[in-house]
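First the structure, in the form of structure tokens, and then the observations on it.
Bear in mind these aren't lab numbers, they're just calculated from the coordinates by the rules spelled out. Everything quoted here is computed from the prediction, not taken from an experiment. Cβ placement follows ideal geometry from the backbone for every residue including glycine, while neighbour counts extend to all protein chains displayed.
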Amino acid sequence: MNNAIGVFDSGVGGLTVAREIMRQLPNETIYYFGDVKNCPYGDKKKDEIIINTEKAIKYLINQGVKMIILACNTATAAALEYLQEKYDLPIIGVVQPGARRAIQATENNKVLVLGTKFTTTSEVYDIEIQNINSDIVVYDKACPSFVPFIESEGYLNKEEADDIIKETLNDTIDLGMDTVVLGCTHYPMLKKNIEEFYGNQIKVISSGREAAREVSTVLGYSKLHQSKVNKTEHKFFISAKSENFDNIASKWLKQNIKSEIVEV
Ligand code: DGL
């Protein structure tokens, strides 16, 4: 089926998932939606996150996508179940794949989840992980400064990135975990710095990479894989003018991206 895959995030974070999908499924076309107007989602209430996410999802459905990936942990935590019940097409999130990968990776049964305020207080990873293996201890750490820092391209300055990481993660050093989950799709843009902060001794997992693998499974199961190499252009929609979106997208995806501003 030659329709596009819809990828949604509040901003640029979902590009880390889009890049993985492009790498793992090169025949597929992606329609990306970044709700930059309402970013960050992580400090918002559940109802507001659901309303904003649904508007974007409806837009992607109207563009004819064959499946949707909520490439946003916060939207997954708040809205995935609601959307799956309401809409007929396959909709997947990023939390379950990330949780499964963390279970595989940990050897000492101690996992730290880094995420937005909403994701960490909802304890969505704790629930997913402990449903499968209740011996695993899950710690949650909210990192509210990371998303605005990444959206403003702050991560390009290594020194500033290292400082913000040190300030935020200092009290996690002695927790004893052997695995850290990047429970926000923005954070892979800081992955190297985070690995370095922990002395390159800890496995740092990005939930987005695992989610891209799941996209392939769902497409296979639903017989929705693109049948031949006749894909159309990827498209990028954003909900407001943004200084940085095209810059970050072009650098991250290594191609010239021109997004289209749409009203939802
Ligand atoms: N990238 C998102 C996530 O995975 C959203 C961050 C935000 O908008 O606060 O949680």
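What the table below lists for this structure:
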| read-out | value |
| --- | --- |
| Residue tally, condition more than 17 Å from the chain's Cα centre (by Cα) and either under 30 Å from residue 149 (Cβ atoms) or in a helix (DSSP H, G or I) (or both), over the stretch 193-240 | 19 |
| Residue within the stretch 26-46 that is under 13 Å from the mean Cα position of the chain (by Cα) and part of a helix (DSSP H, G or I) present | no |
| Single match in 44, 66 (criterion: more than 13 Å from the ligand (Cβ to nearest atom) and charged (D, E, K, R)) | 66 |
| Count of the stretch 47-70 residues which are among the hydroxyl-bearing types (Ser, Thr, Tyr) and over 16 Å from the mean Cα position of the chain (by Cα) | 1 |
| Residue match in the stretch 125-143 (condition: on the phi > 0 side of the Ramachandran plot and out of contact with any Ser or Thr (no Cβ under 7 Å at 6 or more places or on another chain)) | no |
| Every residue from the stretch 100-151 that is β-branched (Val, Ile, Thr), in contact (Cβ under 8 Å) with a residue 60 or more places away in the chain and not in a strand (DSSP E or B) | 106, 116, 119, 120, 147, 150 |
| Residue list for the stretch 61-84, filter: in a helix (DSSP H, G or I) and either in contact with an Asp or Glu (Cβ under 8 Å, 6 or more places away or on another chain) or closer than 26 Å to residue 182 by Cα (or both) | 73, 74, 75, 76, 77, 78, 79, 80, 81, 82, 83, 84 |
| Which numbered condition residue 97 fails, given (1) outside any helix (DSSP H, G or I); (2) within 16 Å of the ligand (Cβ to nearest atom); (3) buried (at least 17 other Cβ atoms within 10 Å of the Cβ); (4) not basic (Lys, Arg) | (1) |
